[in-house]
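The next block holds one structure in the form of structure tokens; read it before the comments.
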């Protein structure tokens, strides 16, 4: 199934590995370790000002971001392949973008359960989010991935599942580190390849094992050390939340995500837009709208 920008795909678990030990990352423990410096001031603010979202944000997830840079020929070929079943007269070929970015998350208790989110965030945008790490660039043979726009997540998921089987103590970091290690060991080849850059960021959510629960989600940035603004509104996409946070505070953003139904999402977004307009009006005119 083709995914549009901002679309989400969730894959359901099949065989759950009950013997693995899950590494929980509640915010309080991470604060004690100094992993999320500055979050002490804001943890109560996050949980009191979530715009009617009642869940407590306690879990810090590690999310992998991939950025594929296709050559012009690869993008053209992929466009032809993905629409090979269509006739040009009735369904004109849709060009595949040369730069394709995805956010990936795997449930460390069972990586069969995963989430992918299309994004347009570039490395500079991602570097503003807490927990950012650049894992480098990799050349992956096209024979491993027939259609990068659709199958990069399936390819990485196959690595994640294989790595998970051999972990005595499962964690998101261990799975991602294993994926990076596997990619570095791919034998160089002269056959056609794609160029993939990998990054990781931290995302704070209310769901323990998977990035978020629900068919849809909303995103929000928080920065307890922000001078003019310390938090944004709930946004429909991670792109909007990060770009707004980057514009407002430049760096050290804490990115929040919350799963919900599409109907609830629309309500939360409308409420956020109304609140933003009121704040702008108050700032410009000097009184509360």
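Between the stretch 151-190 and the stretch 236-260, the C-alpha centres lie 28 angstrom from each other. One compactness figure for the stretch 122-233 is 1.28, namely its Cα radius of gyration divided by 2.2 N^0.38 Å.
How long is the gain from residue 263 to residue 184 if the chain were fully straight, where each residue apart is worth 0.36 nm and the alpha carbon distance is subtracted? My answer for the length gained is 24.1 nm.
If R₀ is 35 angstrom, what is the calculated FRET efficiency for the pair residue 166 and residue 137, using the beta carbon separation as r and rounding to 0.05?
Using R0 = 35 Å, I get an efficiency of 0.85.
Each peptide among 167-175, 59-67 gets the average number of other Cβ atoms lying within 10 Å of its residues, and from highest to lowest they stand as 59-67, 167-175. Could you work out how much longer the chain between residue 144 and residue 127 gets when fully extended? Use 0.36 nm per residue separation minus the Cα distance between them, nm to one decimal. Stretched out fully, the residue 144 to residue 127 stretch lengthens by 3.2 nm.
All of the numbers you see were taken from the coordinates with simple rules; none came from a lab. For clarity, every value in this text was computed on a predicted model and none was experimentally measured. A quick note on method: Cβ atoms are made from the backbone with ideal geometry, for glycine too, and the neighbour counts reach across all protein chains shown.
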